[in-house]
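The values are calculated or read from the model by the stated rules, or taken from the named source; none is laboratory data. It should be emphasised that the depicted structure is a prediction, and the values quoted were computed from it without experimental measurement. A quick note on method: Cβ atoms are made from the backbone with ideal geometry, for glycine too, and the neighbour counts reach across all protein chains shown.
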Amino acid sequence: MKLLTFIHEGKYRLGVHTSQGILDVASAQAALSTGTEPLTTTDSVINGGTEALQRLQQLVEQALGSSDNRAWLLDESALQLGPAVTNPGKIICVGLNYRRHAEETNSPIPQTPILFSKFNNALAAHGDEVPLPVASEKVDYEAELAIVIGKRAKHVAKEDALQYAAGYCCANDLSARDLQLRTPQWLLGKSCDKFAPLGPYLVTADEVGNPNDLAIGCTVNGDQRQSSNTSDMIFHCDEIISYISRHMTLEPGDIILTGTPEGVVLGYPEEKQVYLQPGDVVTIEIEKLGRLTNKMIAE
C-alpha cells in the first residue's frame, strides 16, 4: 500500500493511495462502522504492525466496493500533504554511502557507516516551501531512499534486517555545505528547518520488494542532476539496519536516510558550483516510491 498524510482542519489525517483516489481513512471508518480502533495517521499504522496493515487493507477493499465511496475518496491534487511519517523518534542519516558520490567529493570509501542525525524540525512534506537559511550561501540537494522502521530492532542480524522495515519513502537530505563543513561535526548544516522533506508516500515494504535495486534521481527546475541506482550503495539497507541496531535500539517510526548518489553541487568543480536559490524547484524521484517536490524560498 501507499500511505500518506494530509492535513484536515489543522490536523494530520491518514490517507491511502488507490486507483480511484485518496481514501480518507477516518471518513471511511466512521461511515462503515468498522468497530475497531481508528487508524488516524501513518504513525498509528506503523505502531500497529501487521494487524493494523491487515485491518487497513480490509477497510480499503470494503470502501472501494461500496456504492457510496465517493464520500471518502479525495482528489490528491487538492490535498495539502504532511510528511509521510510525522513523529519519528529518531532520524538517522548515513553519509558518503554511494561509491560514486564518495569518489566525486574526493572522500575515502568508508569502512563502516558514517552516521549523523536530523531532528523533527527538519521534517517537511511534498509541496512544502523550504526556507533557505540566511546563515548559509551553499544549500545543496541530496536524493535519498528513506527506510521507515516497523518494529523494535536490537542486535538484528543482517539476513533478518529487512523484516524490520515497515516501508520506504523518498527523502531530500538538504545540506548547508558551508555550515556542514565549518567543523568536523556535520549536524549544523544538516538540521535547519525543513531540511528533511519526506514523501509523498510511505510505501509498504511488500510493495517495494528489494530496496537495494531502485532507480533514484533528482532534478532542479527540470534539469537532471542525479541519476543512479540504490545498488551503488556501499552499505545496503539490510547492513545499515543491522549495524545501527547493534549500537542503539530502533523503534517503530524511526527513519533512516541511506545516503545520496553522485551529482550533488558539492561534487562539481568549484568554479561550476551553483547552489540552490530562492525559486528553485527540487524533485526527488525513486522507482516505486513516487516524486517528492519542494520549492526553495528565502527565509
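Data table
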read-out: Test: residue in the range 148-170 that is without any contact (Cβ under 8 Å) to a residue 60 or more places away in the chain and touching a Cys at 6+ places or on another chain (Cβ under 8 Å); value: no
read-out: Selection from the range 99-124 of residues that are surrounded by fewer than 17 Cβ atoms within 10 Å (Cβ to Cβ), modelled with pLDDT under 95 and either among the hydrophobic types (A, V, I, L, M, F, W, C) or part of a strand (DSSP E or B) (or both); value: I109
read-out: Every residue from the range 264-294 that is under 22 Å from the mean Cα position of the chain (by Cα) and either on the phi > 0 side of the Ramachandran plot or in a strand (DSSP E or B) (or both); value: V281, V282, T283, I284, E285, I286, K288, G290, R291, L292, T293, N294
read-out: Residues (over 24 Å from I241 (Cα atoms), touching a residue at least 12 places away in the same chain (Cβ under 8 Å) and not in a helix (DSSP H, G or I)) located in the range 172-212; value: A176, C192, D193, K194
read-out: Of all residues in the range 235-274 being among the β-branched types (V, I, T) and surrounded by 21 or more Cβ atoms within 10 Å (Cβ to Cβ), the one that is nearest to Y98 (Cα to Cα); value: T260
read-out: Pick from the range 60-69, criterion farther than 11 Å from D24 by Cβ and assigned to a helix (DSSP H, G or I), ranking: farthest from the chain's Cα centre (by Cα); value: G65
read-out: Contacts under 6 angstrom Cβ, first residue in the range 47-62 being over 20 Å from I22 (Cβ atoms), partner surrounded by 13 or more Cβ atoms within 10 Å (Cβ to Cβ), 6 or more apart; value: N47/P252
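Quick grid of which residues meet (1) more than 20 Å from A166 (Cβ to Cβ); (2) buried (at least 20 other Cβ atoms within 10 Å of the Cβ); (3) assigned by TED's automatic domain parsing to the domain that holds A124:
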residue: E9; (1), (2), (3): yes, no, no
residue: G15; (1), (2), (3): no, yes, no
residue: A31; (1), (2), (3): yes, no, no
residue: P38; (1), (2), (3): no, no, no
residue: L53; (1), (2), (3): no, yes, no
residue: A71; (1), (2), (3): yes, no, no
